[in-house]
1. Which one of 124, 131 is modelled with pLDDT of 95 or more, in contact with a helix residue (DSSP H, G or I) (Cβ under 8 Å, 6 or more places away or on another chain), within 16 Å of residue 262 (Cβ to Cβ) and surrounded by 24 or more Cβ atoms within 10 Å (Cβ to Cβ)?
2. Anything in segment 1-34 that is modelled with pLDDT of 90 or more and out of contact with any strand residue (DSSP E or B) (no Cβ under 7 Å at 6 or more places or on another chain)? List them, or say none.
3. Filter segment 191-203 for residues that are touching a residue at least 40 places away in the same chain (Cβ under 8 Å), assigned to a loop (DSSP other than H, G, I, E, B) and over 28 Å from residue 113 (Cα atoms) and give the result.
4. Is there a residue in segment 207-223 that is on the phi < 0 side of the Ramachandran plot, modelled with pLDDT of 95 or more and in contact with a strand residue (DSSP E or B) (Cβ under 9 Å, 6 or more places away or on another chain)?
5. Taking segment 1-34, which residues are touching a residue at least 60 places away in the same chain (Cβ under 8 Å), closer than 20 Å to residue 76 by Cβ and not in a strand (DSSP E or B)?
6. So how many residues does segment 26-81 have that are more than 17 Å from the chain's Cα centre (by Cα) and over 15 Å from residue 333 (Cα atoms)?
7. Restricting attention to segment 293-340, which residues are closer than 30 Å to residue 101 by Cβ, outside any helix (DSSP H, G or I) and over 23 Å from the mean Cα position of the chain (by Cα)?
8. Residue 358 fails exactly one of the following numbered conditions: (1) at pLDDT below 90; (2) surrounded by 14 or more Cβ atoms within 10 Å (Cβ to Cβ). What is the number of that condition?
């Protein structure tokens, strides 16, 4: 058996990724009802933690992200200083990022089909639109631009749920610490031309990036390529990709037109909002496959990742949890922005209630509350050092209402939410409506 590593409010199980900025761990915590909540923990690398200016900038950016509540955005719970560590706690998505899924399918000689591609991008654009029109508690536009919309920042759960993540390098015009104009952030091959020029950005930059992702998914090739990054930047600035239909003649003509419009070099020639782009994709999907349901994507993903799902189940069964007293939960740098009722305030690394062991089944669920929400990952959690009559906490993921239209008061008059939980798979299609909103005052409308 392996023991979890406790970090603040969280029990870390295993490292699932390592990047240039952070290590990413799968972890869990317990809410005030003692139900286990799975989370993802990003632990920043030391050279970032030591950079005071970077931490200040990151804090300001995550204060903006704290306003975002949408079923297609991975929720951020904490940005916390803990001793010599800085950690980001966010919603855990039980699946893989889109880049990994595409690569895995390619290795197997398979690929996402056009209807799945349209669905994934439409749902990601749902979340993006919510961020683009987000307003603060005073009703002022936040003017969030993701700046790094790419396959690695689109998470696709095994059940087909889609969420975008990593708004951590988002830039809003009223940030207390501004990133300097001219500094390029993000993955070059998905950048907009204006981003490659280092110019001021508005949300139409993200629309171009989403078009680049759509191009790559549909053709199997990146829209821009070059032998080195400098030449790649020039190629992105020119924004003259080979027509998608020439790269893959099987792409339906309607989808080719959508790709072309989304990647127009002139900002005024693109879709003007993410919702307009999303509606174009949904219109294509209705005509291309009227009977499409999210379960089709889920079946594909579960076949693709069947071995990994089984390994994850076995791995979670191996962990035991130290229930010794908690000494340091750290300081959440965005607590004020999250508000007094923020989810993180209820989190504890160990269960807080005393439970009769006879009332708990083999999976750690209370018998009268047993659910069948996620049989793959709701594995048994054993406690070490727990006092007598203290049993494993109920291992149950929080339940979302069917239909799940939980609106953030900040956005109720601005955001057209689609089916939050995915209930009915894609039965919400007939009710999807376009909400086109012009860029708020102050957004750039210049053309290059």
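The values are calculated or read from the model by the stated rules, or taken from the named source; none is laboratory data. Keep in mind that this is a model prediction, so the values were computed, not measured. Neighbour counts are summed over all protein chains in view; Cβ atoms, including those assigned to glycine, are modelled from backbone coordinates with ideal geometry.
1. Result of the check over 124, 131: 124.
2. The answer is none; no residue qualifies.
3. Once the filter is applied, which keeps residues that are touching a residue at least 40 places away in the same chain (Cβ under 8 Å), assigned to a loop (DSSP other than H, G, I, E, B) and over 28 Å from residue 113 (Cα atoms), segment 191-203 yields 197, 199, 200, 201, 202.
4. Yes, that holds for at least one residue.
5. Result: 8, 9, 31, 32.
6. Residues that pass the stated criteria total 15.
7. Within segment 293-340, 318, 319 meet the criteria.
8. (2)
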